[in-house]
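What follows is a short report on a single structure.
Since every read-out is calculated from the coordinates, none of them should be taken as a lab result. As the structure is a computational prediction, the values presented were derived from the model and not from experiment. Here Cβ is always computed from backbone atoms with ideal geometry, including for glycine, and neighbour counts include all displayed protein chains.
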């Protein structure tokens with residue numbers, strides 16, 4: 001474990017050394033952009049550091065309705081609710097969903113979506129899909145709620161959803177797209193772009209706004225009826241709203257977000273091409289590149305002033321996964337340097 005006194009961008013300071021940083025998230029690199037920091041400063045100047053009232057209070061801040069409208073428009077869903085964190089958004093979504101039916105958890109579902117201590121299936125996702133189709137189709141409508149991540153950043157995979165078209169009964173699908181929103185889809189709408197529209201499925205999408213957009217906040221989006229009901233829950237009404245300056249910055253950063261997203265996609269493409277001669281796993285063009293396992297690789301790269309992602313997650317007893325995470329901030333020469341050193345090591 002290492003410590004730093006600086007927030008990483010494309011580099012980080014470690015014991016007086018400047019190291020390339022291929023870890024973390026903030027995929028669009030907005031947290032290091034002067035224009036974005038200026039928007040945050042504008043937001044603090046206009047709104048202060050906190051809105052000191054519940055979202056259910058009798059005095060409300062119209063800014064929250066503005067960002068909720070913008071987010072549901074981006075996601076092509078009817079309505080949205082914002083929260084102070086992605087974890088809280090996921091918890092609110094799943095606690096509401098558990099009132100709508102019996103949960104069917106996908107394998108390796110992130111703990112943010114655990115409404116209760118969840119006994120996750122130990123079968124492969126392919127087998128779970130087969131079992132889920134059979135189970136849903138053999139019961140009446142509205143019996144089940146399907147709970148899953150949309151993207152698995154630990155395996156750098158985009159989960160398939162076309163199988164939902166085989167369902168013959170109505171279900172609610174709760175999907176966490178924290179690592180897809182802002183990145184995937186033609187306009188950065190995330191995994192919802194790849195999810196089939198079928199009369200038997202309605203979606204409740206949840207996501208952290210920190211992973212791509214560098215703001216502490218979360219969103220739940222879905223049908224108007226579901227979001228209206230969710231906004232009556234204690235997790236919405238009783239929680240402190242997201243920092244107003246974050247909402248202000250996101251609402252005014254549209255052009256910058258699109259610019260940084262293009263840079264990210266170019267860097268992903270360059271990484272895919274440059275690391276193609278190495279044992280690196282990235283089947284879906286996501287920012288996380290899965291590297292060979294082992295502490296020796298991590299230490300060897302650190303000795304060469306490169307920090308990658310490697311830690312037990314999501315559980316303390318989980319096996320560390322070695323990943324090189326690229327962001328919009330990285331330069332082509334950074335990627336070439338990583339490739340050069342990986343060739344020497346693996």
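Listing for the model above:
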read-out: Two-site FRET efficiency, residue 61 against residue 143, from Cβ-Cβ distance with R₀ of 51 Å, rounded to 0.05; value: 0.85
read-out: Linear extension gain, residue 17 paired with residue 69, 0.36 nm per residue minus alpha-carbon span; value: 14.3 nm
read-out: Percentage relative contact order, the chain, counting C-alpha pairs under 8 Å, at least six apart; value: 25
read-out: FRET efficiency, residue 95 to residue 340 (Cβ-Cβ, R0 41 Å, nearest 0.05); value: 0.25
read-out: Extension gain (nm, one decimal) between residue 2 and residue 35, 0.36 nm per residue minus Cα-Cα; value: 8.9 nm
read-out: Linear extension gain, residue 237 paired with residue 304, 0.36 nm per residue minus alpha-carbon span; value: 19.2 nm
read-out: Peptides ranked, highest mean first, by Cβ atoms within 10 Å: ranges 111-118, 122-129, 326-333; value: 326-333, 111-118, 122-129
read-out: Cα centroid separation - the range 301-346 against the range 100-173, whole Å; value: 31
read-out: Structure-derived mean projected area of the Cα convex hull in nm² - corresponding label in [x] 19.4; [y] 16.2; [z] 17.7; value: [z]
read-out: The range 51-242 - share of DSSP beta bridges that are antiparallel (%, nearest 5); value: 45
